[in-house]
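One structure is given here, and the rest of the page talks about it.
The values are calculated or read from the model by the stated rules, or taken from the named source; none is laboratory data. Keep in mind that this is a model prediction, so the values were computed, not measured. Counting neighbours? That spans all protein chains shown, and the Cβs are built from the backbone with ideal geometry, glycine included. Each accessible area value is taken on the protein alone, full model and side chains, heavy atoms only, with ligands, DNA and RNA left out. Shrake-Rupley method; radii C 1.70, N 1.55, O 1.52, S 1.80 Å.
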Amino acid sequence: MHYGLAEILQMQGKEYVYVNDPTSRHEIGLIAEEVELVVPELVYHNPKDNLVFGIDYGKLTPVLIEAIKEQQQKIDHQTHLIADQQQQIDELRILVKKLLDE
């Protein structure tokens, strides 16, 4: 799959109210026209006029999974980097202590 974190970061969660909804209840989600520019496979169209109709949120799951994997790789790399740096700091502390004790 070629979608992941970069695409998720381009999406913006929104709060909205449907124009013709008499209850005026607040909804949350994504704007299909915006999503279509990033991951067109997530958007479905009205077969009559081919206009954007909505988002298949189920299809968003694999993209989110790949994004989480990418983030985890970055976290793992940073964790190892921090551990290496901490080891270097500890070694330098020992060296400084030896130098000061001389």
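Please give the number of the condition residue 23 fails out of (1) open to solvent by 100 Å² or more (accessible area, probe 1.4 Å); (2) part of a loop (DSSP other than H, G, I, E, B); (3) of a type in the set (S, T, N, Q). If we test residue 23 against (1) open to solvent by 100 Å² or more (accessible area, probe 1.4 Å); (2) part of a loop (DSSP other than H, G, I, E, B); (3) of a type in the set (S, T, N, Q), just (1) comes out false.
What are the residues in region 26-42 that are open to solvent by 70 Å² or more (accessible area, probe 1.4 Å) and closer than 20 Å to residue 62 by Cβ, if any?
Correct list: 34, 37, 41.
Look at (1) assigned to a loop (DSSP other than H, G, I, E, B); (2) within 16 Å of the chain's Cα centre (by Cα) and you find that residue 70 fails only one, number (1). Does residue 58 meet the test of being open to solvent by less than 80 Å² (accessible area, probe 1.4 Å), under 21 Å from the mean Cα position of the chain (by Cα) and in contact (Cβ under 8 Å) with a residue 12 or more places away in the chain? No; evaluated as a whole, the condition is false for this residue. The residue pairs whose first member lies in region 4-24 and is over 22 Å from residue 63 (Cβ atoms) and touching a residue at least 12 places away in the same chain (Cβ under 8 Å), whose second member is among the hydrophobic types (A, V, I, L, M, F, W, C) and assigned to a strand (DSSP E or B), and whose beta carbons are closer than 6 Å, counting only pairs six or more residues apart or on different chains, do not exist in this structure.
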